[in-house]
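Data first, discussion second: the structure below is written as structure tokens.
Rule-based calculations on the coordinates, nothing more; no lab input. Every value quoted in this text rests on a predicted model; they were computed, and no experiment measured them. Note that each Cβ is placed from the backbone with ideal geometry, even for glycine, and that neighbours are counted across all protein chains shown.
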Amino acid sequence: MFLKKDLDALRGKVTELEGKVRKAGRDMAGSIADDPNVWHDNPAYDEAQREQGMWNGELERYRKMLRESQEVPVEAAPDTVGIGRTAIVMNMTESGKLYKYLIGSFMVLVPTEGLASDVQEVSYGSPIGRILMGAKGGDFRKGVVTGKEVTFFIARAE
């Protein structure tokens, strides 16, 4: 699931990678333009072929992600943490230190414009995102982040 901004960025990434695969193909062709029989023992050809394989693998990974993705609207459930919403939480493991997390797409490809400097954007699939998703103001949630157990108090979602 992707917010529109990240789904648009994912489409842009696919287009960018398609261009890189085509360029590597042109580089391969250019390295043997004078004599099509010199593809062996040709470092320029070998490098272009390596790059084409690398970019093609990356392209297929992003295409698969795009095929399986869907755009999700910002969830509007009152005071419930969801995609596109900001959770104001106190980390009880850190003596109640206050954090603000904007719950983003499966893969946050583009930072949200105008995001306040005290707000961290996290994927809904990240450890923090998984702990917070579906929580309501007043809830306590426990989970593991970077190998440490944490307890969050959800002050509110906006």
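Overview of results
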| item | result |
| --- | --- |
| The range 50-79-the range 137-158 distance, computed between alpha-carbon centres (Å) | 28 Å |
| Diffusion coefficient, µm² s⁻¹, Stokes-Einstein with Kirkwood Rh over alpha-carbon pairs of the range 86-157 at 10 °C and 1.306 mPa s | 129 µm²/s |
| Net charge dipole size for the chain [Lys, Arg +1 and Asp, Glu -1 on Cβ; Debye, nearest 20] | 760 debye |
| Spatially near lysine pairs across the chain, Cα under 16 Å, sequence gap of 8 or more or different chains | 7 |
| Kirkwood Rh, Cα atoms: Rg over Rh of the chain | 1.21 |
| Three semi-axes of the equivalent ellipsoid, the range 1-42, Cα gyration tensor, whole Å, largest first | 37, 8, 5 |
| Value at 222 nm in deg cm²/dmol, rounded to 500, when DSSP H runs of n ≥ 4 in the chain each add -39,500 (n - 2.57) | -13000 deg cm²/dmol |
| Approximate shape of the range 18-59 as ellipsoid semi-axes (Cα gyration tensor, √5λ), whole Å, largest first | 20, 10, 5 |
| Segments 52-59, 4-11, 111-118 sorted - mean Cβ within 10 Å per residue, highest first | 4-11, 52-59, 111-118 |
| Mean separation of Cα contacts under 8 Å (6+ apart) over length of the chain, as relative contact order % | 24 percent |
| Rounded to 5, percent antiparallel among DSSP beta bridges of the chain | 75 percent |
| All-pairs alpha carbon distance profile, the range 33-107, 10 Å steps from 0, percent | 14, 22, 19, 16, 13, 10, 6, 0 |
